[in-house]
Every structure is written in C-alpha cells, then in structure tokens.
1. Just to be sure I understand the model, the point goes 7 Å from the Cα along the line to the Cβ. What's the resulting N14 to E183 distance in nm?
2. What does the net charge come to around E111 if you take all other residues with beta carbon closer than 12 Å to its beta carbon, with K and R at +1 and D and E at -1?
3. Need the full-extension length gain, S52 to T170, defined as separation in residues times 0.36 nm minus the C-alpha distance. One decimal, nm.
4. With springs only between Cα atoms under 10 Å apart, run a GNM on the chain and tell me which of L18, L132, L193 wobbles the most.
5. Over the alpha-carbon set of the chain, work out the extent along each principal axis and list the three values in angstrom, largest first.
6. Of all the C-alpha pairs in region 119-226, what % are more than 25 Å from each other?
7. Return the carbon/sulfur percentage of the accessible area of the chain, one whole number, probe 1.4 Å, all protein chains in place.
8. Over the chain, with the other protein chains present, what is the accessible area per residue in square angstrom, probe 1.4 angstrom?
Amino acid sequence: MDRYSFSLTTFAPNGKLLQIEHALAAVGNGSTTVGIKAANGVVIATEKKTGSSLIEVSSLQHMVKVCDSIGMVYSGMGPDFRVLVTSARKMAQKYRRIYMEDPPVRILVKELASVMQEFTQSGGVRPFGVSLLLAGVDDRGPNLYQVDPSGSYFPWKATSIGKNMVNAKTFLEKRYNGDMELEDAVHTAILTLKEGFEGQMTEQSIDVGIISTIPSAQEGESTPAFQCLSPAEIKDYLSNIA
C-alpha cells in the first residue's frame, strides 16, 4: 500500500487516491470551524489559536470576504488557503465584469471546486491541504457550502470541519433549528466551538463572520453584505453565553 502513497495519479488497490486521504488528514489537524445557515443569513466561525503568545493575533486571517455577498473560511494549511482566496476573488471579479453583479454562491463554489479537482489528477502537483466553508446570500437565499481537497462540494444547513468536527457535528444535530434567526445562529456557532475548545475562549481566540441582507440605497430593496465581527462584538456574545 505504501508504494501508492507517493503517487497522486495512481489509484491504490482499494480504489482510493492516498494523497487525497493525506490532504484530508491535514484538514483534520486544522482549527475547528463551524458554519450555520439561518433563516435570514449565514454564520461561519473558527478557532484562531497561535503556537506562541508572542505572535500578533490580529495578523492571523482565517476568514476573508471574497466579494460583498460571499465570505470564506478554512481548516487546514494557511498558505494553500491564500492561493484559493486569490483564485476565488479573481473569479468573482470576472463574473462582475460580465454580469455587473456578484456571482451566485453555487457558481463560485463550482468554479473553486474545479480548481481543487485539477490538483488531484495532474502530475507534479499535490492536492490542496484545506477544506473550505463558503457562506453567501443570492437569489436563492442564504447558502452554506463545503468544498473538500478532492474537489467535492456539498450544500449544508449546518456543518463543521477541522480537528473537532465529529463532536461539533453531533452538537449541531442536537441544537440546529431551521427557523433560527441569525442572532441565534451566532450563539449556537460559538457554543459549538466552545464544546471542544481547549483553554479559555476569548474574543481574540475566535473569528466570527456573518452574511445577511441590509437595506440598499434604492427604496424597498436590500443587498447582501458579509462582515467579520470585531473583537468587541465577539466579546459581547461571549458575555451573553457565559
């Protein structure tokens, strides 16, 4: 079996591409990340731990805005995530130049998954060592998608990736309600992270992002807007669930 571990383009006798299995192991070693789709938006949250107290925590970026209507977070290898963020932003800009609007979430997810899939069948490359959660709002309403190193992607009501994903998913299965509002979803996401969190959770040790609709300049219309909560806002939520 070991002789198949080093080849990305050769299937093992059991039908698996072992380099993808190793990539998923890298994801499993990453920070626990949670996504929840609410009735009026989507919440994504992740642990933000450092290897040393001397690191500037504010410089760590686990969660990014791809465009106004879509945000993205990862578990796994940070450098691989940066490459995919650049690709996703270029895709979003290309779509906007043609159609004068942000891409639907499913379109961006499909394009991004295609990039990741290409790296599973080409010689001289390796799979991306990250899984992604993409949160967005489009004409179909709130959307939450997961993209894996294999290029597979799935829509979810609520899910988790990373180190503590099994326990987090079990917790979400008990707590998730399809009618919950965004405010409740934020509390549930933080509680889910807290279940497997080592040490004391503070506003500096987690990132929380929300996507919802806000009133636009045109009367009677609203536009989706993704934002990462500030440490002060996260502190308020933590004080409410303490």
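The values are calculated or read from the model by the stated rules, or taken from the named source; none is laboratory data. Given the structure is predicted, the values throughout are model-derived calculations rather than measurements. Positions of Cβ are generated from backbone atoms using ideal geometry, with glycine treated the same way; all protein chains shown enter the neighbour counts. These accessible areas exclude ligands, DNA and RNA; they are computed on the full protein's heavy atoms, side chains included. Shrake-Rupley method; radii C 1.70, N 1.55, O 1.52, S 1.80 Å.
1. Spacing of the two 7 Å Cα→Cβ label points: 4.9 nm.
2. Working: positive: R89, K90, K94, R106, K110; negative: E118.
Once all neighbours under 12 Å are counted, the net charge is +4.
3. Values: separation 118, 0.36 × 118 = 42.48 nm, distance 3.06 nm.
Difference between extended and current length: 39.4 nm.
4. Per the Cα network of the chain with a 10 Å cutoff, L18 tops the list.
5. 59, 48, 37
6. Working: 2000 of 5778 pairs.
Of all Cα-Cα distances in region 119-226, 35 percent exceed 25 Å.
7. Details: 6160 of 12540 Å².
It is 49 percent, rounded to a whole number.
8. Numbers: 12540 Å² over 242 residues.
Averaged over the residues of the chain, the accessible area is 52 Å².
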